[in-house]
Structure formats: structure tokens, C-alpha cells
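Engineer: The structure that follows is given in the form of C-alpha cells.
The values are calculated or read from the model by the stated rules, or taken from the named source; none is laboratory data. The shown structure was predicted, so the numbers you read here are calculated from the model rather than taken from an experiment. FYI the Cβ positions are ideal-geometry reconstructions off the backbone, even for glycines, and counts take in every protein chain you see.
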Amino acid sequence: MGQAPPNKRDFWWIVPTIGGRFLSSVSSPEVSMIELKVEGMSCMHCVKAVTEALSQVPGVTKVQEVSLEQGRARVEGSPDPDALVAAVKEAGYQAEVREAGAAG
Ligand SMILES: [Cu+2]
């Protein structure tokens, strides 16, 4: 009495392994990509300002791209799209959500 049988001890190794797998497979589909159309950028300073504005929106995990030539921005994460637009507008540019969906 008092000593756990070997089988029972092994069981505790299995549980954290399954738990870790479960968590990582659940969190990845939550990462989505949102593309914005951004108007009014004319130089690299604008790109930087938009990048910084987007990166500060809650839920944004990464600003993937802000393109001056194509007038667009892409962010990763699960932010409120309206908050992204508001952040860009606050920085002094026009924005609208082009596309929101799960990243490949
Ligand atoms: Cu500029």
C-alpha cells in the first residue's frame, strides 16, 4: 500500500503529452489573416506609421505586410477588423477590410 503500480505512474506521462498536442492543434486555426486596403500612403514614413498603428491593435499577432505600391496591409491574428480600420484612420489614412479568413 502507498506505492503506485508502474502502470499508473506511466499514465501521468501520457496526459501532459496529449494535453500539449490538443492545445497546439486548437490554437492554430484561430490564427487568421486579414487584408486591408489602405489609401493615402505616399512614402516609407507612411508605411511605418500604418505598420505601427496596426501592430498596436489588440489581437494582432503580426503585421505581415504593408505595401506602399499596392496600397494594402496584411495582419495575422484575430483582431476586430473595425479596430484595424479605426487604427489606420487614426494614423491619418483611409482603410477598408478587403478580406478576412483563415490563413492557409
Ligand atoms: Cu509618407
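Engineer: Given (1) loosely packed, with under 15 Cβ neighbours inside 10 Å; (2) β-branched (Val, Ile, Thr); (3) within 16 Å of the ligand (Cβ to nearest atom), where does residue 47 come up short, assuming only one miss?
Structural biologist: Failed condition: (1).
Engineer: Also, quick follow-up: Being over 14 Å from residue 62 (Cα atoms), in contact (Cβ under 8 Å) with a residue 40 or more places away in the chain and hydrophobic (A, V, I, L, M, F, W, C) is the filter here, so list the residues in segment 73-94 that pass it.
Structural biologist: Across segment 73-94, the qualifying residues are 85, 88, 91.
Engineer: Assess whether residue 32 counts as being more than 13 Å from the ligand (Cβ to nearest atom), at pLDDT below 95 and not aromatic (Phe, Trp, Tyr).
Structural biologist: yes
Engineer: With respect to residue 100, determine if the residue is surrounded by 14 or more Cβ atoms within 10 Å (Cβ to Cβ) and at pLDDT 95 or above.
Structural biologist: Here the answer is no, as residue 100 does not meet what is asked.
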